[in-house]
Amino acid sequence: AYYDQVARTYPQSPRAASALYNLGLLNERASRTPAARDAYQRVVQAYPNSDEAALARERLKALGR
């Protein structure tokens, strides 16, 4: 919940992309694949040039989009 709150409250923060990526990882590890995909896609769409976006693209490919 905190990761999502950071991303929503401070979208311009340098940590917002990291927070969304971590949210995706947590959801993925908890077997909540749709929520993980959603978080990864939010990273890619909102922060396309970030390092986290590159990692999120890899995770999306691994999940089979």
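The values are calculated or read from the model by the stated rules, or taken from the named source; none is laboratory data. Being a predicted model, the structure only gives us computed values, none of them experimental. Every residue, glycine as well, gets a Cβ built from its backbone with ideal geometry; the counts of neighbours run over all protein chains shown. What goes into the accessible areas is simple: the full protein's heavy atoms, side chains included, and nothing from ligands, DNA or RNA. Shrake-Rupley method; radii C 1.70, N 1.55, O 1.52, S 1.80 Å.
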Among residues of segment 21-43, those that are among the hydrophobic types (A, V, I, L, M, F, W, C), surrounded by fewer than 20 Cβ atoms within 10 Å (Cβ to Cβ) and in a helix (DSSP H, G or I), counted: 3
Within segment 7-20, considering residues that are part of a helix (DSSP H, G or I) and open to solvent by 30 Å² or more (accessible area, probe 1.4 Å), the one nearest to Asn49 (Cα to Cα): Ser18
Any hit, segment 25-43, residues being modelled with pLDDT of 90 or more and among the acidic types (Asp, Glu): yes
Scan of segment 44-65 for residues that are outside any helix (DSSP H, G or I) and surrounded by 14 or more Cβ atoms within 10 Å (Cβ to Cβ), ordered by number: Tyr47, Ser50
